[in-house]
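A short reminder: the numbers here are calculations on the coordinates, not readings from a lab. Note that the coordinates shown come from a computational prediction; the quantities given were computed from them, not determined experimentally. FYI the Cβ positions are ideal-geometry reconstructions off the backbone, even for glycines, and counts take in every protein chain you see.
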Amino acid sequence: MTSSPDSVHGTPGDAFVDVEYEQPDQAAPAAAHRALAAVPVVCSTRHAWARVPAEPAPAERERLKARARELLKAKNAVMVSHYYVHPDLQDLALETGGIVSDSLEMARFGRDHAAQTLVVSGVRFMGESAKILSPDKRVLMPDLDANCSLDLGCPVDEFSAFCDQHPDRTVVVYANTSAAVKARADWLVTSSCALDIVRALKDQGHKILWAPDRHLGGYIARETGADLLMWNGACIVHDEFKAFELEALKKEHPRAKVLVHPESPADVVALADAVGSTSAILNAARTLDATEFIVATDNGMMHTLRQQNPGKVFIEAPTAGNSATCKSCAHCPWMAMNSLVDLVRVLETGANEVLVDPALIPRARQPIDRMLAFTAALKAGQPVGSLVPHIGAA
Ligand code: 13P
Ligand code: SF4
């Protein structure tokens with residue numbers, strides 16, 4: 001649930017926008033559909049809000065960046081930023097020994113870094129994952145109300161009831177969920193490891209209950225052939241990419257390769273030359289034999305894509321409409337809530353500390369630890385079989 005904009009203290013001059021997202025209608029049977037034999041489920045439109053921080057003037061921006069550098073050092077704090085946040089918060093993280101990465105690496109980096117204060121620029125579930133993995137560290141965020149439509153659209157009570165209806169299924173949830181939903185899960189995945197983990201579970205005989213992203217779940221089911229019963233959530237950014245318009249854009253740029261995040265609809269994924277997490281998209285841009293790319297993910301990615309690939313051209317994939325009609329226009333309104341002003345404020349005051357109910361932490365940590373152990377073994381080239389029990393095993 002989000003609080004009202006009245007209850008937050010932004011900077012004078014900040015605007016607020018209404019953000020529509022979808023939640024499965026609990027009146028619908030099972031509130032879910034099977035990936036391989038889709039049963040339509042009614043969703044209702046819900047409303048949240050996002051703050052739009054004012055962009056500082058150039059001199060103020062430089063002052064804020066210098067102050068942030070000074071404070072990070074003085075407070076022994078490290079920045080952990082996602083690729084979708086403001087370029088200044090990405091650059092500052094790199095300059096000061098922090099990281100800009102996908103959500104999997106953010107979790108790992110925060111856990112392993114020696115700093116006692118982590119400043120997570122991203123959305124709330126990223127801050128919560130950092131806190132769950134490092135309960136003794138102080139985790140701060142520029143804005144604690146930076147939300148995610150996948151997290152909002154999967155409330156824990158309804159999700160728990162869904163799990164209770166399907167006790168025979170292994171519960172796999174996406175990182176973009178609350179700590180309480182994670183605490184109901186057997187496994188956590190991010191888009192960079194979901195395929196490997198679901199494939200391993202399928203090989204061990206597991207049927208899966210998947211939440212919350214229907215597009216990522218559909219992609220995983222198509223690629224692995226696993227039996228996924230899905231929660232019907234969507235990302236308001238990726239859900240808006242359009243295949244018809246993308247095909248037209250491809251015709252205008254016949255040599256361009258198409259890079260797609262798997263939170264996008266199936267017909268958009270079908271047009272991709274590379275599908276994957278934000279890190280996988282960066283890797284494809286570096287390694288594919290092309291100089292022009294059409295990119296179907298949040299346009300915050302353009303900063304790092306262009307920085308890492310001077311001379312290559314990156315074009316945004318088309319969304320549902322122009323600024324009058326699209327919900328996100330390819331930029332996550334909650335990622336956009338992270339600002340330099342608030343970064344400096346939280347470092348100065350210690351405000352916006354991420355707190356997770358201590359009673360939830362041990363249970364919420366289990367599926368994250370499983371994911372991190374699995375991905376570490378994969379990276380080291382070690383066998384992963386022993387990390388995924390056969391369905392008959394305890
Ligand atoms: P990644 O795990 O690919 O960074 O994605 C996180 C996210 O929120 C995408 O919308
Ligand atoms: Fe959530 Fe989509 Fe924003 Fe990522 S881009 S944080 S999935 S709403």
Which of LYS257, LYS379, LYS207 fluctuates most in a GNM of the chain (C-alpha springs under 10 Å)? That residue is LYS379
Most fluctuating of LEU360, LEU150, LEU228 in the GNM of the chain (C-alpha, under 10 Å) is LEU360
quick shape note, the range 75-208: Cα extents on principal axes in Å, largest first -> 48, 30, 28
So ASP18 and GLU348, fully extended at 0.36 nm per residue minus their Cα-Cα distance, gain in nm 115.8 nm
For LYS379 and LEU94, extending 7 Å from Cα along the Cα-Cβ vector and measuring point to point gives, in nm, a value of 1.9
Taking the dipole of the chain about the Cα centre (Lys, Arg +1; Asp, Glu -1; charges at Cβ), the one of PHE241, VAL181, PRO310 that reaches farthest to the positive side is PRO310
Length gained if GLU247 through ALA59 is fully extended, taking 0.36 nm per residue and subtracting the Cα-Cα distance, is 63.4 nm
Once amide hydrogens are built 1.01 Å from N within the peptide plane, the residues lying 5 or more places from VAL313 or on another chain with amide H under 5 Å from its amide H are GLU292, PHE293
Over the chain, the quotient of the Cα radius of gyration and 2.2 N^0.38 Å is 0.95
Exposure proxy check on ILE220, ILE294: fewest-to-most Cβ neighbours within 10 Å is ILE294, ILE220
Contact order relative to length for the range 114-249, counting C-alpha pairs under 8 Å separated by 6 or more residues, stands in percent at 21
In vacuo Debye sum over C-alpha of the range 183-312, base-10 log of normalised intensity I(q)/I(0) at q = 0.14, 0.16 Å⁻¹, listed in q order, is -0.65, -0.82
Counting only residues 5 or more apart in sequence or on a different chain, those whose built amide H sits under 5 Å from that of LEU209 are THR170, VAL171, VAL172, LEU229
Computed from the beta carbon distance with a Förster radius of 35 Å, FRET efficiency for ALA274 and LYS207 to the nearest 0.05 stands at 0.75
Expected sort for ILE99, ILE208, ILE315 with the fewest Cβ neighbours (10 Å cutoff) up front is ILE315, ILE99, ILE208
Dividing the mean separation of Cα pairs under 8 Å (6+ apart) by the residue count of the range 292-394 yields a relative contact order in percent of 17
Given a Förster distance of 25 Å, the FRET efficiency implied by the Cβ-Cβ spacing of LEU71 and GLN307, rounded to the nearest 0.05, works out to 0.55
Once normalised by the length of the chain, the mean sequence separation of its alpha carbon contacts under 8 Å that are 6 or more apart gives a contact order in percent of 20
ASN283 and ASP369 label points (each 7 Å along its Cα→Cβ direction) are spaced in nm at 2.7
In nanometres, the difference between 0.36 nm per residue of separation and the alpha-carbon distance of SER44 and ALA290 is 84.4 nm
Karplus ³J(HN,Hα) for the range 62-78 (6.51 cos²θ - 1.76 cosθ + 1.60, θ = phi - 60°; Hz, whole; x = Gly/Pro) runs 5, 4, 5, 5, 5, 5, 5, 4, 4, 5, 4, 5, 4, 9, 6, 10, 10
